[in-house]
Amino acid sequence: MAVKRKKKKASSSRKKRGAGFGQKFLVAASLVVLVLCAASVTSSFYFRQKGPPRTFTIEVLNGSGETGLAHAARNGLLHLGIDVIEEDNAPHFGYEESILIARKPDADVDRLGEILGCKNVIVQIQEDNLADATLILGADYRELNLEWERD
C-alpha cells in the first residue's frame, strides 16, 4: 500500500511574507505622499489670501466723467472689505485707463491691483494723505473686479 506524503508549503509562506512587505511599503509611501500633498495645499491657502492684506483705506476718484461712478465703486470696494474714506472727481475726466496709486510706503497695492484687476499700479508716496491708496477710475472701469451696482 502506498503512503501519501504531504507536500511542504514552506516556499508559499515565504512568498506571502515577501508580498506583505511590498504592500506595506507601498501603503506607507502612499501615506507619505498624501501627507505632503495635504501640507502643500494647506500652506498655499495660508500664504495666498483672497482679500486685501489688512484693513486698507482708499480714496476713489472718478476720472471718466460718468455721473455717480465713484459712489458705485465705493459700494463694490466696501463689499471687498476695503475702507473707502473719500469719493470725489479726479482733476480731469480724460483718464482712458484706471490707475491704482500707492500713497503709503507699506501699502500692498500690487496685491490690491491683482484683486481689483487694475493693470496700472504706481507708487506716489504722500505721507500726509490719510488713504493708503488712490483709485482713479478711467474709461475702462467696467473691467475692474467690482460689483457694479448703479442707482
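The values are calculated or read from the model by the stated rules, or taken from the named source; none is laboratory data. On a predicted model such as this, the values are computed, not experimentally measured, just so you know. With ideal geometry, Cβ positions are generated from the backbone for all residues, glycine too; neighbour counts draw on all protein chains shown.
Just a few scattered comments:
- Which numbered condition Ser43 fails, given (1) of a type in the set (S, T, N, Q); (2) part of a loop (DSSP other than H, G, I, E, B); (3) modelled with pLDDT under 90: (2)
- For region 116-128, the criterion of being crowded, with 21+ Cβ neighbours inside 10 Å, touching a strand residue (DSSP E or B) at 6+ places or on another chain (Cβ under 8 Å) and in a strand (DSSP E or B) is met by none of the residues.
- Condition met for Leu135 (touching a residue at least 60 places away in the same chain (Cβ under 8 Å), exposed (fewer than 12 other Cβ atoms within 10 Å of the Cβ), over 18 Å from the mean Cα position of the chain (by Cα) and within 17 Å of Thr55 (Cβ to Cβ)): no
- Just one of the numbered conditions (1) surrounded by 20 or more Cβ atoms within 10 Å (Cβ to Cβ); (2) at positive phi is not true of Gly81: (1).
- Selection status of Ser98, touching a residue at least 60 places away in the same chain (Cβ under 8 Å) and among the hydroxyl-bearing types (Ser, Thr, Tyr): no
- So Ile115, is it in contact (Cβ under 8 Å) with a residue 60 or more places away in the chain and over 14 Å from Thr57 (Cα atoms): yes
- Any hit, region 90-107, residues being under 27 Å from Glu143 (Cα atoms), in a loop (DSSP other than H, G, I, E, B), among the aliphatic types (A, V, I, L, M) and modelled with pLDDT of 90 or more: yes
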